[in-house]
1. Is it the case that L216 is in contact with a helix residue (DSSP H, G or I) (Cβ under 9 Å, 6 or more places away or on another chain), at pLDDT 95 or above and either among the β-branched types (V, I, T) or over 30 Å from N24 (Cα atoms) (or both)?
2. If you scan the range 189-203, which residues turn out to be free of Cβ contacts under 8 Å to residues at least 60 places away in the same chain and in contact with a helix residue (DSSP H, G or I) (Cβ under 8 Å, 6 or more places away or on another chain)?
3. In the range 168-182, which residue that is among the basic types (K, R) and loosely packed, with under 15 Cβ neighbours inside 10 Å is farthest from N193 (Cα to Cα)?
4. Mind listing just one residue for me: the one in the range 199-253 that is β-branched (V, I, T) and in a helix (DSSP H, G or I) and, of those, farthest from the chain's Cα centre (by Cα)?
5. Could you please find all residues in the range 159-187 being free of Cβ contacts under 8 Å to residues at least 60 places away in the same chain and either assigned to a strand (DSSP E or B) or at positive phi (or both)?
6. Report, by residue number, each residue of the range 22-63 that is buried (at least 16 other Cβ atoms within 10 Å of the Cβ) and assigned to a helix (DSSP H, G or I).
Amino acid sequence: MTERNINKEAVKDYFVKLQAEILNAVEIVDGKNFLVDSWQRSEGGGGTTCILENGNIFERAGIGFSHVKGSQLPKSATDAHPEITDSKWEAMGVSLVFHPHNPYIPTVHMNVRFFIANKKNRDTWWFGGGMDLTPYYGFVEDVIHFHKTIKTTLNPFDENLYPEFKKNCDKYFFLNHRNEPRGIGGIFFDDFNMKDFNFSFNFTREVGNAFLKAYLPILQKRRNHKFTNKEKEFQQYRRGRYVEFNLLQDRGTLFGIQSKGRVESILMSMPPSVKWEYDYTPKKGSKEDELYSKFLIVKDWV
């Protein structure tokens, strides 16, 4: 969408504030502090990557803010938007992935972002983002809470958005080569410029604000759940799917690499420990098998 009444600074200020808010909440829950690493990009812009490793709750938790600029869009962007080829561009946003020690706490991902391209003094912009949950051992009440929180957040804007963006998420976070979902989904939206800038910005802001409400109650409920070495190994095996998706399919990773982004920040989403096991099949009727049969399915949870 092209529009002159956009406020890039307001978006940037919100993203910086959101990163700080989530970081502070996680530090309180985990009891350890993030390493804060600010960086600059030679092609234009920079960001702040915040990483917590080997915490009390999280094996790795990464939350990054970036505001990057360029004069030549990568192919991953122009394939979908040939009309902005040869445009100057800016992209900013907050992205996080949290990998807990305890396999009974799910991994979570959230991203909110803003993109603007300028060609012949005309701006083309859109928002994007979403969040999704990747459990290793599923609990129906946790999945319902996660989806219900998101749905409640989206409905005041338009009751058609949650089912549409849930469907997008189910489709996007699907490992085509494995023929299975990455997790239990959530929402995913891109190229979002509904109505006008203020409406689209307010919507994206509420998605970001919903993250802690959606995830922290699940974390608190499962943080003291006892687990065995076998269950930890299953978590590491399932983390392999996370790596496969990020490297083979994720558009954000592709955009970051093609636009000469900071590799350490792009790949902070990777789990710190992971394993692959040849031709693994969970025992029929086991808790591991239940993940596949009851949770890694496309389903309307609320």
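The values are calculated or read from the model by the stated rules, or taken from the named source; none is laboratory data. In this text the structure is predicted, and so the values were computed from the model without any measurement. Here the Cβ positions follow ideal geometry from the backbone for every residue, glycine too, while neighbour counts run over all protein chains shown.
1. No, not satisfied.
2. M194
3. Ranking the candidates gives R178 first.
4. Step by step, filter the range 199-253, then rank; the result is I218.
5. Selection gives F174, N179, G186, I187.
6. I22, L23, V26, E27, V29, D30, listed by residue number.
Condition check ((1) touching a Lys or Arg at 6+ places or on another chain (Cβ under 9 Å); (2) small (G, A, S); (3) surrounded by 14 or more Cβ atoms within 10 Å (Cβ to Cβ)) across all residues:
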residue	(1), (2), (3)
D190	yes, no, yes
N193	no, no, yes
F199	no, no, yes
T204	yes, no, yes
A210	no, yes, yes
L216	no, no, yes
L219	no, no, yes
R222	no, no, yes
K226	no, no, no
